[in-house]
């Protein structure tokens, strides 16, 4: 592969006098916009943006007749909480709204709880909205996305202008929050805008209606029409708003910085770092052929070849899963013990061996899906919800007994087996299971209780297993709302296109803007076709896999890989990985799935004064050169560039970079990472 880099010497342009990108950090205008909206909607109980209908009467916030009370407390230097409470004197319904105000970012969020403390069922509660409020500004545009649904069309961003009374309604499919929709949106005005995250790991809905002075936004659980029985309580989605002034790059990087500071999970008190992952299994579906012996043998093989993995990954199929033909099939879930035929000593010997090599064990689970004639189906049918025409049973986490059993059982497996990363999948849409098991006056109740149980289950796993971290999966990336990601990272963000570079690079374009931590795999399918494992070790495969977690796709059964080349490429990834995670993100080419394009993106750390520009020329791209316009460049500094693959270096002034850009030269089907470091004149 030949890769070269130059600055253009021709072309006109004004001499730059300042950095070419507004600061991505919080600014006074951002904080002022957040305070103004908070003063309007999160200061007085009657003005709260939570609305519902109670016994046929609309209610906003907590009316004065409900004797509202307000308490405030400072959680720490950067977090303050305001709690609003009140109770309806007529029905006894109690409302609690918990608001979190961030002092270091222009962010506010809230969740509402509705409780029946009385002795009789409440009247009907319906149309419960976590957010029902106006946002003022001119020329409104909603930027939204279609999430993940096993298609090359997934994660496609779309801008919808809201002019002249236009409306937009959004909702996922089937009860998983990122299935056909994405609970992360931006509402942009000419003056600035806001990001909205709807934290609900189930069936949410949102609507945007343009008016004379702005946009009315409503968001909540899609269907609620229910009575609360004595002692019951339900909750709304948690809504998160981030305000910004300026352009889209400020919106993206303010969000990334806030997410990394406050949302990215910690393991043993430290933010998750980038990780290198390996796995190995014999022929067979998923990990149905994994054994204690071959897992240890494959770990040793990778280490002997100089592949210093951080995580050893065991996916679906490690449990008893014979079908009626006595063939192991991984989807036969519901008996959560290590298969005694293949792991007679449990999984502890595997985890211990990984630990001796300095690695952690990741283990896959899918506890919510129960198949016929498995342990849970036989022993606890009363814990399961059924749906017409669907053999999958749903373990109902809204049942406290079922949730507590699952918590104790999984905690036992984690502790007995030495599991450090708990991976939870969810491979079927649960909405029909919830709705088909509800009475007419309980619509939305099963979903709400299941959500509460699911989040409590994860909270208990984390509390009882210090140092554990969680990987969220649902047929790929279909349950990655913000409530889920407060507790986890979405390593496996899709089941589609692992080795299809134009498609997965398009997916990454969206993911890096919202969810900084995810996994990629080194597969490349364009020459030799689809495969479970790498056909060979090649730079092109690694360039398509640059993410904070890198999964090496080499087949442990083969001996003919170029492991020296793999070591060189892993070293490049390790140097890049912290920037991919912690740097400000600038896509320097637009979203595209075409194989006839270049993909160029930049990750920049202004605090440390270094970054990288990553360019990929896809196989059918006709142009051998591309001129990128790096962002965050200081015209008074110079920049030292280095390409680790070729050893080439360049020194370029910031003024020249701003004026002329970077001209990159690549062969078809190749990539280059140019690391740079700012140097003061």
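Annotations
- Residue 515 fulfils the conditions (1) within 24 Å of residue 618 (Cα to Cα); (2) out of contact with any strand residue (DSSP E or B) (no Cβ under 7 Å at 6 or more places or on another chain) except for a single criterion, (1).
- Residue within the stretch 34-54 that is at pLDDT 95 or above, within 28 Å of the chain's Cα centre (by Cα) and surrounded by fewer than 19 Cβ atoms within 10 Å (Cβ to Cβ) present: yes
- Conditions (1) in a strand (DSSP E or B); (2) in contact (Cβ under 8 Å) with a residue 24 or more places away in the chain; (3) closer than 26 Å to residue 479 by Cα: number failed by residue 155: (1)
- Tally of residues being in a loop (DSSP other than H, G, I, E, B) and surrounded by 14 or more Cβ atoms within 10 Å (Cβ to Cβ) across the stretch 55-72: 5
- Restricting the stretch 231-261 to residues that are in a loop (DSSP other than H, G, I, E, B) and in contact with a strand residue (DSSP E or B) (Cβ under 6 Å, 6 or more places away or on another chain), the residue that is modelled with the lowest pLDDT: 245
- Scanning the stretch 340-373 for residues that are in contact with a strand residue (DSSP E or B) (Cβ under 9 Å, 6 or more places away or on another chain), closer than 20 Å to residue 391 by Cβ and surrounded by fewer than 17 Cβ atoms within 10 Å (Cβ to Cβ) gives a single hit, 372.
- Members of the stretch 55-83 that are touching a strand residue (DSSP E or B) at 6+ places or on another chain (Cβ under 6 Å) and either closer than 24 Å to residue 444 by Cα or not assigned by TED's automatic domain parsing to the domain that holds residue 127 (or both): 59, 60, 62
- Among residues of the stretch 205-216, those that are assigned to a strand (DSSP E or B) and closer than 22 Å to residue 35 by Cβ, counted: 3
- Some residue of the stretch 270-283 being touching a helix residue (DSSP H, G or I) at 6+ places or on another chain (Cβ under 6 Å) and in a helix (DSSP H, G or I): no
- The set of residues from the stretch 274-316 being under 26 Å from residue 462 (Cα atoms) and touching a residue at least 60 places away in the same chain (Cβ under 8 Å) comprises 274, 275, 276, 277, 278, 279, 287, 309, 311, 313, 315, 316.
- Scanning the stretch 161-180 for residues that are assigned to a strand (DSSP E or B) and either in contact (Cβ under 8 Å) with a residue 40 or more places away in the chain or not assigned by TED's automatic domain parsing to the domain that holds residue 200 (or both) turns up 167, 168, 179.
- From 150, 105, residue being in contact (Cβ under 8 Å) with a residue 12 or more places away in the chain, part of a loop (DSSP other than H, G, I, E, B) and under 30 Å from residue 475 (Cα atoms): 150
- Within the stretch 182-192, the residues that satisfy the criterion of being assigned to a loop (DSSP other than H, G, I, E, B) and either surrounded by fewer than 23 Cβ atoms within 10 Å (Cβ to Cβ) or out of contact with any strand residue (DSSP E or B) (no Cβ under 8 Å at 6 or more places or on another chain) (or both) are 190, 191.
- Test result for residue 264, within 25 Å of the chain's Cα centre (by Cα) and assigned to a strand (DSSP E or B): no
- Among the residues of the stretch 384-397, those that are buried (at least 18 other Cβ atoms within 10 Å of the Cβ) and touching a strand residue (DSSP E or B) at 6+ places or on another chain (Cβ under 9 Å) comprise 384, 385, 387, 392, 393, 394, 395, 396.
- Residue 611 vs. criteria touching a helix residue (DSSP H, G or I) at 6+ places or on another chain (Cβ under 7 Å) and either assigned by TED's automatic domain parsing to the domain that holds residue 528 or closer than 21 Å to residue 571 by Cα (or both): yes
- Subset of the stretch 608-634 (residues that are over 31 Å from the mean Cα position of the chain (by Cα) and over 17 Å from residue 586 (Cβ atoms)): 622, 623, 624, 625
- Condition met for residue 381 (assigned by TED's automatic domain parsing to the domain that holds residue 322, closer than 29 Å to residue 221 by Cα and surrounded by 20 or more Cβ atoms within 10 Å (Cβ to Cβ)): no
A quick yes/no check of all residues on (1) buried (at least 18 other Cβ atoms within 10 Å of the Cβ); (2) at pLDDT 95 or above; (3) more than 27 Å from the chain's Cα centre (by Cα); (4) not in a strand (DSSP E or B):
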| site | (1), (2), (3), (4) |
| --- | --- |
| 80 | no, yes, no, no |
| 84 | yes, yes, yes, no |
| 99 | yes, yes, no, no |
| 123 | yes, yes, yes, yes |
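- The listed residue being at pLDDT 95 or above and not in a strand (DSSP E or B), out of 202, 219, 195: 202
The values are calculated or read from the model by the stated rules, or taken from the named source; none is laboratory data. If you're wondering where the values come from, they're calculated on a predicted model, not measured in any experiment. Because the Cβ atoms are built from the backbone with ideal geometry, glycine has one as well, and the counts that use them run over all protein chains shown.
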